[in-house]
Each structure stands twice: as C-alpha cells, then as structure tokens.
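Only one structure is covered here, and it is reproduced in the block below.
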Amino acid sequence: MKKFFVFFSFLLLAWCQSAPQEGTQKLSVVTTFSPLYSHTVNITKDAATVHNLVPAGTSVHDRQVTPSSAKIMEEADVIITNGLWLEEFLDGRLGDLQAKGVLIIDTSEGIALLEWDPHHHHGEEEGDHGHEEESHGHDEEEQHNEYNDDEEMTYKDPHIWLDVSNAIHQTNLIRNALAQADKDNAELYYDNANEYIKKLETLENDIIEKIALVENKQSFILFHDAFNYYLHAYGLEDQKAGVVQDIAGVNPSPQSLAALVETIREGDASIVFTEPQFSPQIVKTIQNETDVFIGQIDPIGANVSPNAYINNMEYITTELTNAMLLVGSAWLLGE
Ligand SMILES: [Zn+2]
C-alpha cells in the first residue's frame, strides 16, 4: 500500500509540474521584441502560444505598456526579456508578475557585456530623456526590485542580440526556460533549438565571409549607437566614426551636428546610416552639407516573424558591405 501511495504521489507531482495551466492549454509565452520572438517561436513552433509586445517597425525605446499588453503579460506563463534596461517600459511590472508566479527570463545573463559611455548614453548632465538606460535611475518614487536596482548595469550596452554568438546564448537560455516550464514538450524544444542554432551558426559564418570580402573598409556614422556588438564581433569597430543621435530619439545639438559634418569633410567618415524606426530628416541635413553616401540599417528588423532575426542580420550585413564596397570603389576611381 505504501509503495502504491508513493507511486501515486509521484504521478500527481509529475502531472502538476508538467501542466502549464489547466490540463490541455498550451504554454503562454510573451517576448518583448522581435529578435526574441524569432528565437522563441523557432523553439516552440506550434507547441506554445507566443505573443510579442513591441510591434514591428517601432523602436523598443520609449515604449508604453498598453492595457492589452498588460493583460497578455498577466496571463503569461513565461516572459522572455532582453534585460539591461532595454525593457525599461516594463520596470515595476516584472517584479509583481514574478511574485504572481510568472517565470521571467533575462536573456542577457551570462553574456560578456560591452561598456556604454555614460556621457553619451545617460543624458543626465543635460537632463535629456529618451534612451533605454538613462531615465530609469533617480526617481524617488521608483520601485526597487531586482530588475531596476543595479546601477552598474546602466553602464552596459543593451544591444546584445546584434552579435550572433549572443543570439545563440539567448536561444539556449530561452530553450532551458521553456523546457522547465513545459516539461511535456521539453524534448521538442531541445530538438527545435538545435535546428535553429545550426541556422544561426550558418548565418554567423555568412556574415564573417561577406565582411572579409570588403578589402577597402570605409568608415561610417551610425544613426544611434546600437551596433557595438556587431562591430565588435565582426571586426568593424575601427570603422565607426560617430553617432548621429547620442540618445535614441533625441537629435544632436548644433555643435554635435557641426562636428559630424566636420568628420565627414575631413574624410574620417564616408557613409551615414539611417534607421527606419527614426526620422531621417537630420541625416538629410548632413547630406545637404556634405554629399555623403546614405545607407540604412536596422537594429531590430522590419517585421515580427520566425525568420525576422536571421533576415535582419543578413540585411544589416548586405547594407553595410554594399555601402563600403560602393563608396570604396568610387574612392578608387577618384570620384
Ligand atoms: Zn538603442
């Protein structure tokens, strides 16, 4: 009898642990923005419901929580975040949701982080507002929880997904979390993640090969300072000559604008990249003064879909290398 009871308890325990909600309901997963959505749906395929919070074609900076996204988060089993202040708009909510039993994953955990320059990205001295990591810190009313009390982290660059190795790390963390939350499908999540990681490894090799083909690497000015992980991973750090918006969404001062124009006139940058999520007007002003080559790259991607992350990394690489090849050959021809 005792043996039977132990066996029965084990069954009951196993059932409780493996049931995401009542019985047959699928695991409900929320991702904050497009790259995390891509990683997550490649792991779950149809085995879970995956909602994404930040719509396609908008910046993750300065997001607001809408009533519908608040409801989606409250009904979630798992919330997948980038971490590092990127989801500043969720501050104060994640702690409460975790207390209610939602599993919250910070995919930046364990990643080798790059430094931010606090003068450029904090905006505290000028009292500016607008970037993900600057406006959180010194509000007396703010709730202190594990998601917003680490000052150190405000000096780290949050755009981690732009290095494919980091995306693979994030995929592994998401897989582990989903397998833990939904044990019935754990094996499926592992198999799907392996398949997706193979695609990411191919992507990474393609990026390295394409950049290696550019012999005459041109220097460029980025729209906002989102690409440090990409530049660091693929050997283009020396090509970054400046940034149009030190704080995402905030146009440069007349002095900063004059300095960018000077950088281009002195030949220290020959390309300026716009980003589709921000108005290109200020870049047109720079172009009118300098006739500089304008390209466009996008840190997040134009849509929210299973292939969006890989497609966008290919797009960034194509735009960067094409611009460098075009401007480089024009330079060789003496134009
Ligand atoms: Zn940014």
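Just one of the listed residues (Ile221, Ile168, Ile160) is within 16 Å of the ligand (Cβ to nearest atom), at pLDDT 95 or above, farther than 30 Å from Glu262 by Cα and in contact with a helix residue (DSSP H, G or I) (Cβ under 9 Å, 6 or more places away or on another chain), and it is Ile160. Candidates in region 57-66 are the residues that are within 16 Å of the ligand (Cβ to nearest atom) and not β-branched (Val, Ile, Thr); of these, the one that is surrounded by the most Cβ atoms within 10 Å (Cβ to Cβ) is His61. Within 30 Å of Gln98 (Cα to Cα) and in the same structural domain as Val272 (by TED's automatic domain parsing): is that true of Ala248 in this structure? Criteria met by Ala248.
Look through Val261, Val250, Val283 and report the one residue that is β-branched (Val, Ile, Thr), more than 16 Å from the ligand (Cβ to nearest atom) and at pLDDT below 95.
Details: Val261 fails: at pLDDT below 95; Val250 fails: more than 16 Å from the ligand (Cβ to nearest atom).
None of the other options fit; the residue is Val283.
The values are calculated or read from the model by the stated rules, or taken from the named source; none is laboratory data. Computed from a predicted structure; not experimentally measured. Note that each Cβ is placed from the backbone with ideal geometry, even for glycine, and that neighbours are counted across all protein chains shown.
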